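Novice: Got a structure here, written out as structure tokens. Questions coming.
The values are calculated or read from the model by the stated rules, or taken from the named source; none is laboratory data. These numbers come from a predicted model, not from an experiment. Positions of Cβ are backbone-derived with ideal geometry, glycine not excepted, and every protein chain shown enters the neighbour counts.
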Amino acid sequence: MAFQIVEGCVSCWACLPLCPSGAIYEARPHFLVEVAKCTECEGDYADPQCASICPVEGAILNGLRLAANPPGSLTGIPPERVAEAMAEIQAR
Amino acid sequence: MHLKVLSRDNPVALDAESGCPSGGCGGAGDALSGLSEVIREKVRDHPCYSEEAHHHYARMHVAVAPACNIQCHYCNRKYDCSNESRPGVVSELLSPEQAVKKVKAVAAEIPQLSVVGIAGPGDPLANPERTLATFRELSEKAPDIKLCVSTNGLALPGLVGELCWYDIGHVTITINCLDPQIGARIYPWIFWNHRRIKGVKAAEILIAQQLEGLEMLVERGVLVKVNSVVIPGVNDGHLEEVSRVVKEKGAFVHNLMPLIAEPEHGTFYGLMGQRGPSDDELRALQDKCAWDMRLMRHCRQCRADAVGMLGEDRGDEFRLDKLDDLAVDYEKAMVERRQVHAAIEAGRAAQRKGLGESFVSLSQLERRAKPAMRPVLMAVASEGGDLIDQHFGQARELLIYEVTAREVRLVGRREVDRYCSGEDTCGDGEPLLRKTIRALEGCEAVLCSKIGYEPWGLLEDAGILPNGEHAMKPIDEALAIVYREMAADGRLDPPASSEQRLTA
């Protein structure tokens, strides 16, 4: 099992130095996790490090391919409010 | 022009006993007068700390620090736009090597450069390797340039020693509150000891780290500015307390900045309809928290990759893809920089001398003034911030002063477009001029070195008294005289009315 970095990653470097397995590498358009190296931090930390510092909801998937930080979990902004605001801005 | 090269006193050769390897640390704790002298020297050519210096010197931020260890409700880490000007926004991230290259290119092009800061776009101290590598190189390659850093403070206590090592003389900590309950409404989470922590506990840790970092820096003689974002209904009622405490702990200045929050920024506050403070609210709060009016009213809340004089951003000229094309003779540039700085200081010294000789005592004014006279806002066109030495039509910004019977003090600045750019465009300026006049709302007089016929009339129509009589006089003196004249004309007996304005 391994974590993944997916679209949404802003390449902010926060996770890379924290990874105890050196599994994260710089890539374009966003950073990636080397699946074979990722241990999900088991044995090193109680919480997976990349998912614990990542500021972008949805940018990291856990071993079950679910967002480690689902919409609203980090910013506190209800997802429906984001959708509403997008519609408002586009209607201007 | 003959350049008299002034010797620059070493501001930091104070203390060999503090155990700090570099002169920037320690030793400032002796006499109060000594401290203020040290501070004066440290801010003298720092455009972000000294209101006056920002008219003469340039600064740049190098965006080497992308990671952050906390989330603030006014920040969106996804944001990157070259048309936005606010903290935390950058166009391109630099490696430490690229940052040093950029600093050299900017220093060669803009010899007024006196300060290089690292301000993000994340938290510089959450990226210690990148930030410190940049400082290490710069302290060697450009030892005369002041280095500064701003931080949320979470990682600060652990890095104070290193910051001192590289002679970081100025540190800004953003402290928005001291009450963790309020903090929980500003910071949704922090990353601490390998865990993401949320709520009041997160705010508690952050605040404790901020205050510890502040104390450690002050102990080592580093100048600390505290920034607070004014968030109406969240921390505005609490900022006086913040101001009192950080002052007590030795912060050098407390800078209150308005919240910037729009839905399109994608921030929590922007999307949830949290408003920023009005100009009046901000000013009232700044008045309550201000220790020295000459400082920080000019803060521009710059981007983390801003380049140039405050209020201008020349970042585009120095983008990575253009750096290779800029031929930089850095040795020559350093010599030129020294000369330019010396010339600036010589000019300022001459102005100060003029100021001292011709200064009209405000106490004289006070005796003549009726006690109940109201304060008046006046605008000034000035190049250097000392003298009334700018043509109204050439001004890019006007300094706003509040004048009372007791004092003349700077309370803000308003950006305006230059409506006069020479013969070719003459006559096209009126729409711009009207915009400028709208920007002067609330002001009752404008002082400048010269002013054209057309703006004179429009200003009068708007109830603003144009005044070109005090060209090349010190601002304080001229404003005091104009106030006295207004008093003598009965214009200061409340309430103010547009019928009272003078004719040309």
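Novice: If a residue must be in a loop (DSSP other than H, G, I, E, B) and farther than 16 Å from residue B:67 by Cβ, how many such residues does the range A:9-40 contain? Quick ask: steps written out before the conclusion?
Specialist: At the first step, the residues of the range A:9-40 found to be in a loop (DSSP other than H, G, I, E, B) are A:9-15, A:19-23, A:26-31, A:34-40.
Subset that is farther than 16 Å from residue B:67 by Cβ: A:20-23, A:27-29, A:34-40.
The number of residues fulfilling the criteria is 14.
Novice: Next question. Which one is farthest from the other protein chains (Cβ to nearest Cβ) among residues in the range B:101-131 that are in a helix (DSSP H, G or I), of a type outside the set (Gly, Ala, Ser) and farther than 16 Å from residue B:155 by Cβ?
Specialist: B:109
Novice: List every residue pair whose Cβ atoms lie under 8 Å apart, where the two residues are 6 or more positions apart in sequence or sit on different chains, the first residue falls within the range B:173-198 and is within 11 Å of another protein chain (Cβ to nearest Cβ), and the second residue, located anywhere, is among the charged types (D, E, K, R).
Specialist: B:188/B:198; B:189/B:196; B:189/B:198; B:190/B:196; B:194/A:47; B:195/A:47; B:196/A:47
Novice: State all residues of the range B:132-162 that are in contact with a strand residue (DSSP E or B) (Cβ under 7 Å, 6 or more places away or on another chain), over 21 Å from residue B:212 (Cα atoms) and either outside any strand (DSSP E or B) or within 14 Å of chain A (Cβ to nearest Cβ) (or both); if no residue qualifies, say none.
Specialist: B:134, B:135, B:138, B:139, B:145 - these are the residues of the range B:132-162 that are in contact with a strand residue (DSSP E or B) (Cβ under 7 Å, 6 or more places away or on another chain), over 21 Å from residue B:212 (Cα atoms) and either outside any strand (DSSP E or B) or within 14 Å of chain A (Cβ to nearest Cβ) (or both).
Novice: Taking the range B:225-236 as the search range and keeping residues that are among the hydrophobic types (A, V, I, L, M, F, W, C) and surrounded by fewer than 24 Cβ atoms within 10 Å (Cβ to Cβ), which one is nearest to residue B:276 (Cα to Cα)?
Specialist: The extreme case among them is B:230.
Novice: Give B:100, B:106 a once-over and let me know the one that is under 23 Å from the mean Cα position of the chain (by Cα) and at pLDDT below 95.
Specialist: Sole residue among the options that is under 23 Å from the mean Cα position of the chain (by Cα) and at pLDDT below 95: B:106.
Novice: Separate question: Does the range B:196-232 hold any residues that are among the β-branched types (Val, Ile, Thr) and either under 20 Å from residue B:289 (Cβ atoms) or not in a helix (DSSP H, G or I) (or both), and which are they?
Specialist: Hits for the range B:196-232 are B:197, B:207, B:218, B:222, B:224, B:226, B:229, B:230, B:231.
Novice: Taking the condition within 12 Å of chain B (Cβ to nearest Cβ) and closer than 23 Å to residue B:64 by Cα, does residue A:41 pass?
Specialist: The answer is no for residue A:41.
So that you can scan it fast, the table gives a plain yes or no per residue for (1) at pLDDT 75 or above; (2) over 30 Å from residue A:91 (Cα atoms):
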position: B:270; (1), (2): yes, no
position: B:312; (1), (2): no, yes
position: B:315; (1), (2): yes, yes
position: B:321; (1), (2): yes, yes
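Novice: What pairs can you find where one residue is in the range A:54-76 and on the phi > 0 side of the Ramachandran plot, the other is assigned to a loop (DSSP other than H, G, I, E, B), and their Cβ atoms are less than 6 Å apart, with a gap of 6+ or different chains?
Specialist: A:58/A:8; A:72/A:78; A:76/B:188
Novice: Continuing with this model, one more query. Within the range A:58-78, which residues are surrounded by 14 or more Cβ atoms within 10 Å (Cβ to Cβ) and either under 22 Å from residue B:263 (Cα atoms) or of a type in the set (S, T, N, Q) (or both)?
Specialist: Once the filter is applied, which keeps residues that are surrounded by 14 or more Cβ atoms within 10 Å (Cβ to Cβ) and either under 22 Å from residue B:263 (Cα atoms) or of a type in the set (S, T, N, Q) (or both), the range A:58-78 yields A:58, A:59, A:62, A:69, A:71, A:72, A:73, A:74, A:75, A:76, A:77.
Novice: Select from the range A:7-35 the residues that are away from chain B (no Cβ under 14 Å) and in contact (Cβ under 8 Å) with a residue 24 or more places away in the chain and list them in ascending order.
Specialist: A:32, A:33, A:35
Novice: Using the structure shown, decide if residue A:45 is surrounded by 12 or more Cβ atoms within 10 Å (Cβ to Cβ), of a type in the set (Ser, Thr, Tyr) and under 22 Å from residue B:189 (Cβ atoms).
Specialist: Criteria met by residue A:45.
Novice: Something else now. It is to be established whether one or more residues within the range A:22-37 are over 13 Å from the mean Cα position of the chain (by Cα), within 24 Å of residue B:120 (Cα to Cα) and modelled with pLDDT of 95 or more.
Specialist: yes
Novice: Give the residues of the range B:183-195 that are outside any loop (DSSP other than H, G, I, E, B) and surrounded by fewer than 21 Cβ atoms within 10 Å (Cβ to Cβ), sorted by residue number. Show your work before the answer.
Specialist: So the first thing to find is which residues in the range B:183-195 are outside any loop (DSSP other than H, G, I, E, B), and the list is B:183, B:189-192, B:195.
If the condition is that a residue be outside any loop (DSSP other than H, G, I, E, B) and surrounded by fewer than 21 Cβ atoms within 10 Å (Cβ to Cβ), then B:192, B:195 are the ones that fit.
Novice: Looking only at the range A:49-76, filter to residues that are under 16 Å from residue A:11 (Cα atoms) and not in a loop (DSSP other than H, G, I, E, B); which one of those is nearest to the chain's Cα centre (by Cα)?
Specialist: In this case the residue turns out to be A:60.
Novice: A further question follows. Out of curiosity, is residue A:45 of a type in the set (Ser, Thr, Tyr) and in contact with a strand residue (DSSP E or B) (Cβ under 7 Å, 6 or more places away or on another chain)?
Specialist: no
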